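*Asks:* One structure coming up, written as structure tokens, with questions to follow.
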């Protein structure tokens with residue numbers, strides 16, 4: 001039996017097309033206008049044909065005159081022949097009858113139906129959704145956030161400061177008004193554990209999924225579904241919250257990159273205040289860096305693997321700071337030992353983790369700097 005190569009590893013599931021849903025709603029609104037439009041076309045054609053018969057003329061100029069005559073008649077703009085005719089009385093008699101018939105059927109019926117359709121269809125809201133989902137389809141490198149609550153509110157505020165795009169997936173329709181008021185740019189009201197939903201919000205183009213439900217079962221469902229679609233752990237991250245450390249361990253086994261237990265995180269933070277009496281300036285500064293609240297400074301970790309040509313070189317020989325503007329503030333050796341504020345004589349070794357501090361732009365240059373120092377093979381491709 002021949003295998004279908006079009007089937008994905010996560011099953012033959014089609015992405016939910018949110019833009020198409022609202023396109024269909026928009027077309028349905030236009031479809032309701034078919035009868036008024038057909039009525040206008042019918043009576044316009046009838047008027048032109050009758051005038052052609054009455055005046056016994058069918059040349060192009062006459063047809064154009066009759067068309068104009070018909071339009072100004074049922075639109076109640078006014079009436080005059082405006083062209084030569086020998087049947088003035090007959091023309092006026094026909095126009096009188098045409099007005100009596102066309103005004104109720106074309107003007108009043110058409111106008112009332114059109115106004116009623118636009119007032120009851122909520123077309124402006126449909127257009128807003130369509131425009132949002134059209135833009136959402138273009139997103140790349142974004143994050144998918146599952147659940148709208150206090151945790152994700154804070155998260156979205158920080159991502160917005162950094163200019164990081166995200167799509168919110170919220171299963172509860174009752175929260176949509178709060179989501180709008182909060183200013184979420186892209187969101188869908190749907191179940192995030194469904195493959196079609198995650199595919200519809202661009203999980204194949206995203207950098208990661210963040211799940212912060214109040215119940216572990218919902219987080220577990222999202223993690224399993226997301227990791228099924230994106231098994232590449234190096235390129236796709238899954239972050240979640242859990243109510244207990246045991247649940248957090250299960251989530252990691254199922255594919256989560258990192259899991260936070262809010263009670264444990266808050267408890268450890270409070271312990272740090274007790275053990276290290278806080279300085280208003282220092283503690284605030286470190287907290288903002290750690291939680292990404294500052295936009296002018298950040299910190300990253302760069303791993304030194306076997307493909308780096310910097311192994312065995314001293315920091316002063318590398319000249320990373322001069323080229324990027326970022327600073328190596330610590331080196332964590334492969335055995336876990338940490339070297340704080342390393343001097344220029346510190347040597348870069350295999351397995352080191354370099355902790356680098358600097359402006360976000362400088363950190364991006366630092367990442368490019370270390371990427372450029374990967375050993376290349378004979379074909380010029382980087383060794384992986």
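Only the coordinates and a few stated rules stand behind these numbers; no lab work does. As the structure is a prediction and not an experimental result, all values here were calculated from the model. All Cβ positions, glycine included, derive from the backbone under ideal geometry; neighbour counts span all protein chains shown.
*Asks:* Considering Cα pairs under 8 angstrom that are at least six residues apart, work out the relative contact order of the chain and quote it in whole percent. Display every interim value, and only then the final one.
*Replies:* Numbers: 495 pairs, mean separation 42.4, N = 384.
Reported as a whole number, the value is 11 percent.
*Asks:* If you don't mind, there's one more thing I want to ask. In nm, what is the difference between 0.36 nm times the number of residues separating residue 249 and residue 368 and their Cα-Cα distance? Before the final figure, lay out the partial values.
*Replies:* Details: separation 119, 0.36 × 119 = 42.84 nm, distance 3.38 nm.
Result: 39.5 nm gained on full extension.
*Asks:* Taking just the alpha carbons, could you work out the radius of gyration and Dmax for the chain, both in angstroms?
*Replies:* Final numbers for Rg and Dmax: 33.9, 109 Å.
*Asks:* Relative contact order, percent, of segment 139-260 when contacts are C-alpha pairs under 8 Å separated by at least 6 residues? Don't jump to the answer; show the numbers that get you there.
*Replies:* Details: 205 pairs, mean separation 29.8, N = 122.
Relative contact order, segment 139-260: 24 percent.
*Asks:* How far apart, in nanometres, would the label points at residue 46 and residue 112 be if each is projected 7 angstrom from Cα along the Cα-to-Cβ direction?
*Replies:* For residue 46 paired with residue 112, the spin-label model returns 1.8 nm.
*Asks:* For residue 178, project a label point 7 Å along Cα to C-beta. Then give me every residue of segment 149-164 with its amide nitrogen under 17 Å of that point.
*Replies:* 149-157, by backbone N distance to the label point.
*Asks:* Once Rh for segment 139-260 is found with the Kirkwood sum over Cα pairs, what is the Stokes-Einstein diffusion coefficient at 4 °C and 1.567 mPa s, in µm²/s? The partial results should precede the final answer.
*Replies:* Numbers: Rh = 14.2 Å.
The estimated diffusion coefficient comes to 91 µm²/s.
*Asks:* Moving on to the next point. Note down the relative contact order for segment 297-384 as a percent, whole number, built from C-alpha pairs under 8 angstrom at least six residues apart. Write out the running numbers ahead of the final one.
*Replies:* Working: 156 pairs, mean separation 35.0, N = 88.
After rounding, I find 40 percent.
*Asks:* Could you work out how far the C-alpha centroid of segment 11-63 sits from that of segment 191-207, in angstrom?
*Replies:* One Cα centre to the other: 38 Å.
*Asks:* Give me the angle, in degrees from 0 to 90, between the Cα long axis of helix 123-136 and the longest principal axis of the Cα atoms of the chain, rounded to the nearest 10.
*Replies:* It works out to around 40 degrees.
*Asks:* Further question on the same structure: If I model a spin label at residue 296 and residue 26 as a point 7 Å from the Cα along the Cα→Cβ vector, what separation in nanometres do I get?
*Replies:* A separation of 4.3 nm, rounded to one decimal place.
*Asks:* Compute the FRET efficiency between residue 268 and residue 121 as 1/(1 + (r/R0)^6), taking r as their Cβ-Cβ distance and R0 = 56 Å, and round to the nearest 0.05.
*Replies:* Details: r = 53 Å, r/R0 = 0.95.
According to the calculation, E is roughly 0.55.
*Asks:* Could you state the angle between the C-alpha long axis of helix 150-161 and the longest principal axis of the C-alpha atoms of the chain, as a value from 0 to 90 degrees rounded to the nearest 10?
*Replies:* It works out to around 90 degrees.
*Asks:* Then there's this: Taking R0 as 51 Å, what's the FRET efficiency between residue 68 and residue 149 from their Cβ-Cβ distance, rounded to 0.05? Provide the component values of the computation, followed by the final result.
*Replies:* Numbers: r = 63 Å, r/R0 = 1.24.
About 0.20, to the nearest 0.05.
*Asks:* What FRET efficiency comes out for the pair residue 134/residue 303, r = Cβ-Cβ distance, R0 = 41 Å, nearest 0.05? The partial results should precede the final answer.
*Replies:* Details: r = 39 Å, r/R0 = 0.95.
Step by step, r from the Cβ atoms, then E = 0.60.
*Asks:* Using Cα atoms only, what is the angle between the long axis of helix 60-74 and the major principal axis of the chain, expressed in degrees (0 to 90) to the nearest 10?
*Replies:* 80
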